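Remarks on the structure that follows.
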Amino acid sequence: MKRALLVGGSGLVGRALLDQLLAHPAYGTVHALLRRPVPGWPQHAQLHTQQVDFRALPALPAADEVFIALGTTIKQAGSQAAFRAVDFDAVLASARAARAAGATALFMVSALGADPKSTVFYNRVKGEAEQAVQGLGFEQVVLARPSLLLGDRAALGQPGRAGEGTATRLLRPLSGLIPRSVRPIAAAAVAQALVAAAQQRQPGLRILSSAEMQPR
């Protein structure tokens, strides 16, 4: 059975990944790295959690696959530098540590519009993170680029994101009319697409567009 390493399991997609990995028969162990304790996490024999400082990661337990769902916003982080410390530095450090622990496949949540040459800071950092992890020697790299995420952040003890809430209220009645490429997407659908991709074991790089991850 496979050993999965999960990074960022307290967020919308990360928590959906946690639930789906624990329920999937292919995984015997799920080791989750957390920046801080998360109240109410499931008690499961397969689940092992470790609180870490992403600025100085310890050697990680052996893993076959790593799932990275780290992310914040500039508003929550407080500055562009603090945002980059999470969405680039911590992401790259986690991927590098997972590779050193034996992981040969990486599955990462990025964002719609990620581009290392973008003039938009958020998109540029996301694109730079994508570019960086591709150079670490993983046999398989799958990058998910979701549009606006749907999910209940309050239920996870997370602060709400005003932009998401407003957009969700305005766009939900019109969802059928919005192109699949930019239509808001449930966090669980993104997690499902990543876990499904992990079972295919296709070497090389694969980009999961938001349209591709939308439920049929």
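Considering 91, 120, 109, the condition of being farther than 30 Å from residue 201 by Cα and modelled with pLDDT of 95 or more is satisfied by 120 alone. Take the conditions (1) surrounded by fewer than 17 Cβ atoms within 10 Å (Cβ to Cβ); (2) at pLDDT 75 or above; (3) under 21 Å from residue 211 (Cα atoms); (4) charged (D, E, K, R); residue 130 misses just one of them, which is (1). Restricting attention to the stretch 190-216, the residues being without any contact (Cβ under 8 Å) to a residue 40 or more places away in the chain and part of a helix (DSSP H, G or I) number 3.
Counting only helices (runs of 4 or more DSSP H) that sit completely within the stretch 50-106, those holding 1 or more residues that are among the β-branched types (Val, Ile, Thr) and in contact (Cβ under 8 Å) with a residue 40 or more places away in the chain correspond to 74-77, 91-100.
Among the residues of the stretch 48-81, those identified as among the hydroxyl-bearing types (Ser, Thr, Tyr) and within 28 Å of residue 189 (Cβ to Cβ) are 49, 72, 73.
Among residues of the stretch 3-15 that are in contact (Cβ under 8 Å) with a residue 60 or more places away in the chain, those with a Cβ under 9 angstrom from a residue that is of a type in the set (Asp, Glu) and not in a helix (DSSP H, G or I), sequence gap 6+ or separate chain, pair up as 3/64; 3/65; 4/64; 4/65; 5/64; 5/65; 12/152.
The values are calculated or read from the model by the stated rules, or taken from the named source; none is laboratory data. Quantities reported herein were computed from a predicted structural model and do not represent experimental measurements. No Cβ is skipped: glycine too gets one built from the backbone with ideal geometry, and neighbour counts run over all protein chains shown.
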